[in-house]
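Beneath this line is the structure, given in structure tokens, with notes to follow.
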Amino acid sequence: MSEFETVIGLEVHVQLKTRSKLFCDCPVDWGGEPNSRVCPVCLGLPGTLPVLNRKSVELGVRAALALNCRIAPFSQFHRKNYFYPDMAKNYQVSQYDLPLSADGFVEIPREEGSLRVGLARAHLEEDTGKLVHFAAEGFSGVDFNRSGVPLLEIVTRPDLRSPEDAYDYLKVLRNLLRTVEVSDCDMEKGSFRCDANVSLRLSGSEKLGVKTEVKNMNSFRAVERALSYEVSRQAELIRSGGAVVQETRLYDAASQKTFPMRSKEEAHDYRYFPDPDLVPTELDRVWIEEISAALPELPSAKAGRFQRDYELGFYDAGVLTSDPALAEYFETAARACANFKTLSNWITVELMARLKESDTPIESSPVPPEHVSELVGLIDRGVISGKIAKSVFALMCDERKPPSEIVRERGLVQISDESELEKVVEKVIGEHPGPAEDFASGKEKALGFLVGRVMKETRGQANPRLVNEIIRRRLSG
Amino acid sequence: MKDASKNQPLDPSGIEHVAGLARIRLTREEKEKLGAQLSDILGYMEKLKSAPADDLEQLSHILPLKNVTRPDEPSSPAGSEQYLRLAPEREGGFFKVPPVIEET
Amino acid sequence: MPAFQALNRLSAHELAARIAAGRATATAAVRDCLERIEKTDRRLNAFVRVDREEALEEAGRIDRELAAGRNPGPLAGVPVALKDLFCVKGREVTCCSRILEGFISPYDATVARKLKDAGAVILGSTNMDEFAMGSSTENSARGPARNPWDLERVPGGSSGGSAAALAADQTVAAFGTDTGGSVRQPAAFCGVAGLKPTYGRVSRYGLVAYASSLDQAGPFGKDVEDLALLLEVIAGHDPRDATSAPEPVPRYRDFLQADPASLTLGLPSRDTLKGMDREVAAAFRAAVDTYAALGAKFVEVELSSLEYAVACYYIVSTAEASSNLARFDGIRYGRRAPGVADLLELFEKSRAEGFGEEVKRRVLLGTYVLSAGYYEAYYGRALRIRRLIKNDFDSALAGCDCVILPTAPIPAFRLGEKIDDPLQMYLTDLFTISINLAGVPAVSINCGFTGGGLPVGLQLVAAPFREDNLIRAAALFEGATAHHLKKPALDDR
Ligand SMILES: [Zn+2]
């Protein structure tokens, strides 16, 4: 057992999938010229007032339900006051002591029993604008396109015990939020952001150590790496008699290290108070039930169903349901397929490797699910061998054609004509009397050699099962 | 939590802290004058302690309105120029500010 | 043309009727107002900007509409003046602050839009205490406005410019905002009628905020009928203001005729009214007698929480203001301090140079009462007392149609008299402030004059969304008296 226990808590901001901003009707879309998605409200012009986007509340509730949170019957927006140039009003409208939801949890499925990560709260808030630095020109520019974009902030309890836990949590969280269509959770487009609090304590101790806040992590892997670095940095510091300083540190992806933020931090005094411009939200049972009824099947239930209905193992079911689009892909393919295990293998092994190589999301897979089912069918019916299937699959990816067409075009159909194969077998036995005798006298190993020669003679098109049978019949006769 | 009954009148360091939070740079004269006036006013506020309100709920919204929302319907953006031209300083499509350092 | 009374001297409903009947034109009305402004405003400083060309152009358009037989609305051709915090598209809005110098609003406040739609012609913007913080219009970056009844005295505030302009017949109607009395107190000081609607009755969209939970826009009128007419135009639900009430808007002019016997007035105990100026007290008692003589019934009401109103108000309003005014930082609009080297200087210097002393005082106070360790003792406490005050008004108004109060404990004071004692200045808001805290509507009408010829205001307070009761009670008094007809003797030289 290690001398220290790692204590990690994560704060995740996801952008809610609305068409307009949280408090004004500016469109929410990615990109666009700077300051082209702004209006008097999200620029904080004098006299303007916020009006809450109903959809953002509903998405917040959807998320809260998926995250097993208690939905507050009464919630309220507060103003978080601090000055920063990317803030249109120099206060951020957020939720403070009356958040939309609290006290939830996320289950990370593990074969030995799932790991439960507690959630302190999930609340709504508005995004800020963006600062762009023109170092050479000596100024910074502010773009308010993101100002007022609806966010859900999800805060865990300090329940994560390792960087790997943190990585797994993020994957499970993203899957949940994408499944219930609350957010795209695209880190590159900024619709999923993560900050971490890390501290160490002596194993067995209840008292939390001094924590650091780590920011600027741009992928799940970066979170894992940043946390690993931070954990070892803190451990070394403590071992060498030093003390961890409570501070914010930025992760540098190039060096895979964290560094303290240079700009001096003042003690924060956000002077929260209820925003008088926004009235409370009261979620009654009817409204919540309406939203709940529209909720799709959650990943954990889906994984259970996959194990049951498709007779898949824990691992395969977990992989296939780790992403809603992937699960949907599998189910579409399964509709035209009888062999779920083989189908699952083709998707989780071949297809996913291929997609990963080209960094393509499953939604844009070059191979439609129906083609994978077809491929599995061809194998099962003995039309092509598993080996040929691999080359067919590669062609399916490159040429985007159905497997049957590829097989036909290239004459890859497996030879299953017994009389034709018998001729080849005779020829091979004639050419290799030694191995033939070996097999006849009980040396099983020789069979492989003979089958291999037949396959070679037929350029891989022979049905290996049949070749096997014929040789056995011929030599044991 | 500090107790307001024990709070010090706003001495120069107190007023400087508050002015820092409010981002208003005060001259020495202002610190003295405003500090004294605010201490006076805060002294007057002490009378609130005797009001029979301990058991009352805080009232932050006077009207019993709730769930005031709008539909999620985006408008078409009106273009940035009409807003950028309000800026004291701009650079292209950006509102311009002195360089902000946040890198390590 | 016969030598009619100049059109600027008419009330809004009289002028609207004349224009609608073709007996006057919008253009002539606007010209009369502009001429009057020209003659008197060097002394009054009621206007901070006169949009002469725009006003004449708009008046011409309305005259053409009328000539073409179309009806441009209930205020067709009526010149109005707006406090310098109503955003009007294409016009400068400064809140009489240096920090907003040069800010041309790219959008219309809902009230401004409704006025335009009703055919009103906006003459320009009126002087005010910077960001509506003050009771005298002395805290203006544009210099103080003056009281038309005595140029050495203040017109009240913060909507002092609107009240003075109307009292001096520079305009036919005017609008202000009322956060702690900023319509009613200047109305009282200038001898015109002013109304603060129920919180949520009028949209706040486009009104530069001082204290969001207290602010309401309200009309100034030359008589009660004008208040009814103007309120009808600006009231109503606005989807752009989440705190605006979805209550229907009655035709307030239907309540101008009232049966005195059906009116019950709530009179606060003598204790509540202590500390009033002797002449104000006399005018107030005379007003009570007038109602009694008319046959109104009286009940005594208990408003003991009034004692805490000023302290409560200056916590709630400054806390909100400290946050509302944070956006003025010299980045997106307004004025930036020259030659700033870094971000902190940009914020601190722009705000130091841009804000006047009273604004700094209130922003600092509000920042302090919200700051770590003090929230509960000040802001949290004030919110509890706000409920106490609301409960007091609820029970008082359950037993009467209107509570009757003085508007201000003193008549208009001299310029400079209270400027160095902010607390004394705050205490003059004693009778108006609690009404904003309770969110209820109130009206101030002229109920007489001091020996020195200064107007005294009478305040009537009604239950939420019962502005009809205010109109009834105020019209009754006005019908029995002639104070509102008296005009200040501003010589025209
Ligand atoms: Zn917007």
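The values are calculated or read from the model by the stated rules, or taken from the named source; none is laboratory data. From a predicted model like this one, the values you see are computed outputs, not experimental measurements. Cβ: placed from backbone, ideal geometry, glycine included. Neighbour counts: every protein chain shown.
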Margin query: Out of everything in the range A:142-158 that is out of contact with any Lys or Arg (no Cβ under 6 Å at 6 or more places or on another chain) and more than 16 Å from the ligand (Cβ to nearest atom), what residue ends up being nearest to the other protein chains (Cβ to nearest Cβ)?
Written below: A:152
Next item on the list: Residues being closer than 16 Å to residue C:208 by Cα, of a type in the set (Val, Ile, Thr) and within 13 Å of chain A (Cβ to nearest Cβ): count how many of those fall in the range C:313-362.
Entry: 1
Notebook entry, point to check: Here is a list of conditions, (1) part of a loop (DSSP other than H, G, I, E, B); (2) at the interface with another protein chain (Cβ under 7 Å from one of its Cβ atoms); (3) of a type outside the set (Gly, Ala, Ser); (4) out of contact with any Leu (no Cβ under 9 Å at 6 or more places or on another chain), and residue B:48 meets all of them except one; can you say which number that is?
Noted result: (1)
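Identify the residue in the range B:28-45 that is surrounded by fewer than 18 Cβ atoms within 10 Å (Cβ to Cβ) and facing chain C (nearest Cβ under 8 Å) and, among all such residues, is nearest to residue C:392 (Cα to Cα).
Keep residues of the range B:28-45 that are surrounded by fewer than 18 Cβ atoms within 10 Å (Cβ to Cβ), which gives B:28-29, B:32-33, B:36, B:39-40, B:43-44.
Among the residues that remain, those that are also facing chain C (nearest Cβ under 8 Å) are: B:40, B:44.
Values: B:40: 28, B:44: 22 Å.
It comes out as B:44.
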Note to self: Of everything in the range C:33-57, what is touching a Lys or Arg at 6+ places or on another chain (Cβ under 8 Å) and assigned to a helix (DSSP H, G or I)? Give them in sequence order.
What the structure shows: C:34, C:43, C:44, C:54, C:56
Next item on the list: Check whether at least one residue in the range C:297-304 is within 14 Å of another protein chain (Cβ to nearest Cβ) and surrounded by fewer than 19 Cβ atoms within 10 Å (Cβ to Cβ), and report yes or no.
Entry: yes
Notebook entry, point to check: Scanning for something under 23 Å from the mean Cα position of the chain (by Cα) and within 16 Å of the ligand (Cβ to nearest atom), does the range A:54-75 turn up at least one residue?
Noted result: yes
Notebook entry, point to check: Taking the range C:379-423 only, how many residues are within 14 Å of chain B (Cβ to nearest Cβ) and part of a loop (DSSP other than H, G, I, E, B)?
Noted result: 4
Notebook entry, point to check: Counting only residues that are within 27 Å of residue C:149 (Cβ to Cβ) and in contact with a helix residue (DSSP H, G or I) (Cβ under 6 Å, 6 or more places away or on another chain), how many does the range C:16-33 have?
Noted result: 4
Check: With respect to the numbered conditions (1) touching a strand residue (DSSP E or B) at 6+ places or on another chain (Cβ under 9 Å); (2) aliphatic (A, V, I, L, M); (3) within 21 Å of residue C:182 (Cα to Cα), which one is the sole condition not fulfilled by residue C:133?
Finding: (1)
Check: Mind checking which residues of the range A:1-46 are more than 9 Å from the ligand (Cβ to nearest atom), facing another protein chain (nearest Cβ under 9 Å) and of a type in the set (Gly, Ala, Ser)?
Finding: A:32, A:36, A:44
Next item on the list: Could you check residue A:443 against (1) out of contact with any Gly (no Cβ under 6 Å at 6 or more places or on another chain); (2) in contact (Cβ under 8 Å) with a residue 12 or more places away in the chain; (3) not assigned by TED's automatic domain parsing to the domain that holds residue A:375 and say which number it fails?
Entry: (2)
Next item on the list: Within the range B:56-70, track down each residue that is in a strand (DSSP E or B), touching a Leu at 6+ places or on another chain (Cβ under 6 Å) and at the interface with chain C (Cβ under 7 Å from one of its Cβ atoms).
Entry: none
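Listed here are the residues, each with its yes/no results for (1) more than 8 Å from chain B (Cβ to nearest Cβ); (2) among the β-branched types (Val, Ile, Thr); (3) within 16 Å of the ligand (Cβ to nearest atom).
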site	(1), (2), (3)
A:104	yes, no, no
A:119	yes, no, no
A:124	yes, no, no
A:130	yes, no, yes
A:136	yes, no, no
A:139	no, no, no
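State whether one or more residues within the range C:246-258 are at pLDDT below 95, assigned to a loop (DSSP other than H, G, I, E, B) and in contact with a helix residue (DSSP H, G or I) (Cβ under 8 Å, 6 or more places away or on another chain).
So the first thing to find is which residues in the range C:246-258 are at pLDDT below 95, and the list is C:257-258.
Imposing the further condition that a residue be assigned to a loop (DSSP other than H, G, I, E, B) reduces the set to C:257-258.
Checking the rest, the ones that are also in contact with a helix residue (DSSP H, G or I) (Cβ under 8 Å, 6 or more places away or on another chain) come to C:257-258.
The answer is yes, given that some residue of the range C:246-258 is at pLDDT below 95, assigned to a loop (DSSP other than H, G, I, E, B) and in contact with a helix residue (DSSP H, G or I) (Cβ under 8 Å, 6 or more places away or on another chain).
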Next item on the list: Out of C:352, C:372, report the one residue that is among the hydrophobic types (A, V, I, L, M, F, W, C), surrounded by fewer than 23 Cβ atoms within 10 Å (Cβ to Cβ) and either touching a residue at least 24 places away in the same chain (Cβ under 8 Å) or over 13 Å from residue C:99 (Cβ atoms) (or both).
Entry: C:372
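When the range C:79-115 is examined, which residues are found to be part of a helix (DSSP H, G or I) and within 12 Å of another protein chain (Cβ to nearest Cβ)? Spell out how you get there, then give the answer.
Step one: list which residues in the range C:79-115 are part of a helix (DSSP H, G or I), which gives C:98-100, C:110-115.
Answer for the range C:79-115, where residues must be part of a helix (DSSP H, G or I) and within 12 Å of another protein chain (Cβ to nearest Cβ): C:99, C:100, C:110, C:111, C:112.
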Item checked: Odd one out for residue A:75 among (1) within 7 Å of another protein chain (Cβ to nearest Cβ); (2) among the polar types (S, T, N, Q); (3) surrounded by fewer than 23 Cβ atoms within 10 Å (Cβ to Cβ) -> (1)
